[in-house]
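First comes the structure, then the notes that go with it.
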Amino acid sequence: MAGAFRRFRVARKLPESSVITSFHLVPEDGGPLWDMRPGQYLTLRIPLAEGPVLRTYSLSAPAEGRDHHRISVKREPMGSGSGWLHDKLAEGGIVEIAAPRGSFCLDETSERPVLLLAGGVGLTPLLAMLHRLVQTRRRAWFIHAVENGEVHALRDEVAALSAASDGRITVRNVYRAPTEQDRAAARFDGEGVVDRALLQSLLPLDDYEVYLCGPTPFMVAMWRLLTGLGITPHRIAYEFFGKGGSLAALAAPPAAVAHTDRRMPAHAPQSLSRLEFITDPDARALPDQIARPVQSATDGMATEVVFARSGVTVPWSDGVASILELAEAAGLDPAFSCREGICGTCRCGIAEGAVEYVSDPLDPPPPGQVLICCSRPAGRVVLEL
């Protein structure tokens, strides 16, 4: 996408903990900051020695009332992008950035109370939501599970937002392994893990909207806990950092999966019963939609996707969001990461036909290749997959 990236200067580089640093980013062209929704992320083009790579980082604060965008980045041991930001990008340095993206956003049309559940650096998109919530009349609970005070980032900022909310925002910090310094300074509110007893003691009975972000094992545990407390799945929004998919599928116990498989219609793709992971949480219950062909508007023939290398042909259905999801439902395991047309991991060759993009790729693939995570077939297509 031509002109998708702008150059930003690092106005300030601020350590927030032993592993997390915030970057205050100012447009080099002097133009306005981008509009953003609380929970969205920026895409950075990182200039590594082996070539540029794209990495996404959540905006940890809204742009309103500021002269900069802010991202707060954890140094990952094997993370080339975070390593470059921490070690190479100094104050005054320049980085290319694309506009905010992402659908993991606070629903600002709702008046329901909000539960924000963060694990580690998963607090970053939720902190942006908290900044917006303090401007409303909504009741909110912010629960942060973190190892200890040494790695706990932005604690004072969260506390200040709570203090400014006239009692509407409640914060609880839960340390898994607090240090003696943490105990002496009373830096945390609970020890161990976020469990059923904590939530039941903290939350009054109500119809909550939950926003969940953190390491995958943490989110799986929280999904099971929340649904066990009666919170319906459609009230739980979540975002993976890295390769994700369906949290409901990851959290499903084996017995539940086996029971669901027995209820599959006979015309469902046989490979579906072998899947332990499906992107669409409802895919197991609705395999008949995957099997129902869609008529092509151009030739009246059924639209289908041919995965040539795998020897699999699958009819398209409007109940599927993307070619990637269709491939997964057919038992294939294509490479992917972002699922939003950013990273290019899912790129593959197209031998016949054409696709249409449901969201514009940040960096369009060259002729003869397509991104399957954000595209649908425009008639019959043959993919080199």
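General remarks:
- Residue under evaluation residue 345, criteria (1) in contact (Cβ under 8 Å) with a residue 40 or more places away in the chain; (2) more than 21 Å from residue 304 (Cβ to Cβ); (3) of a type in the set (S, T, N, Q), criterion not met: (1)
- Check on residue 171, under 28 Å from the mean Cα position of the chain (by Cα) and touching a residue at least 40 places away in the same chain (Cβ under 8 Å): no
Yes or no, residue by residue, for (1) touching a helix residue (DSSP H, G or I) at 6+ places or on another chain (Cβ under 6 Å); (2) closer than 19 Å to residue 54 by Cβ; (3) assigned by TED's automatic domain parsing to the domain that holds residue 42:
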{"site": "320", "(1), (2), (3)": "yes, no, no"}
{"site": "325", "(1), (2), (3)": "no, no, no"}
{"site": "344", "(1), (2), (3)": "no, yes, no"}
{"site": "356", "(1), (2), (3)": "no, no, no"}
{"site": "367", "(1), (2), (3)": "no, no, no"}
{"site": "372", "(1), (2), (3)": "yes, yes, no"}
{"site": "379", "(1), (2), (3)": "no, no, no"}
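- Selection within the stretch 21-51 - in a strand (DSSP E or B), in contact (Cβ under 8 Å) with a residue 40 or more places away in the chain and closer than 14 Å to residue 98 by Cα: 25, 26, 41, 42, 43, 44, 45, 46
- Looking across 147, 180, one residue alone is farther than 21 Å from residue 41 by Cα, surrounded by fewer than 22 Cβ atoms within 10 Å (Cβ to Cβ), under 23 Å from the mean Cα position of the chain (by Cα) and not small (Gly, Ala, Ser). It is 147.
- Scanning the stretch 338-363 for residues that are within 21 Å of residue 104 (Cβ to Cβ) and of a type in the set (Val, Ile, Thr), we see that the one that is surrounded by the most Cβ atoms within 10 Å (Cβ to Cβ) is 342.
- Qualifying residue in the stretch 59-72 (condition: within 28 Å of residue 148 (Cα to Cα), in a strand (DSSP E or B) and either modelled with pLDDT under 95 or among the aliphatic types (A, V, I, L, M) (or both)): yes
- Hits in the stretch 297-331 (condition: surrounded by fewer than 21 Cβ atoms within 10 Å (Cβ to Cβ) and modelled with pLDDT of 90 or more): 304, 306, 308, 309, 310, 311, 312, 313, 315
- The number of residues in the stretch 77-119 being surrounded by fewer than 14 Cβ atoms within 10 Å (Cβ to Cβ) and in a strand (DSSP E or B) comes to 1.
- Residue match in the stretch 176-198 (condition: in contact with a His (Cβ under 9 Å, 6 or more places away or on another chain), outside any helix (DSSP H, G or I) and of a type in the set (Lys, Arg)): yes
- When we screen 70, 55 for residues that are within 19 Å of residue 158 (Cβ to Cβ) and buried (at least 19 other Cβ atoms within 10 Å of the Cβ), the only hit is 70.
- Residues in the stretch 14-37 that are more than 26 Å from residue 104 (Cα to Cα) and either touching a Gly at 6+ places or on another chain (Cβ under 8 Å) or charged (D, E, K, R) (or both): 28, 29.
The values are calculated or read from the model by the stated rules, or taken from the named source; none is laboratory data. Model, not experiment: these values are computed from the prediction. Virtual Cβ from ideal backbone geometry, glycine too; neighbours counted across all protein chains shown.
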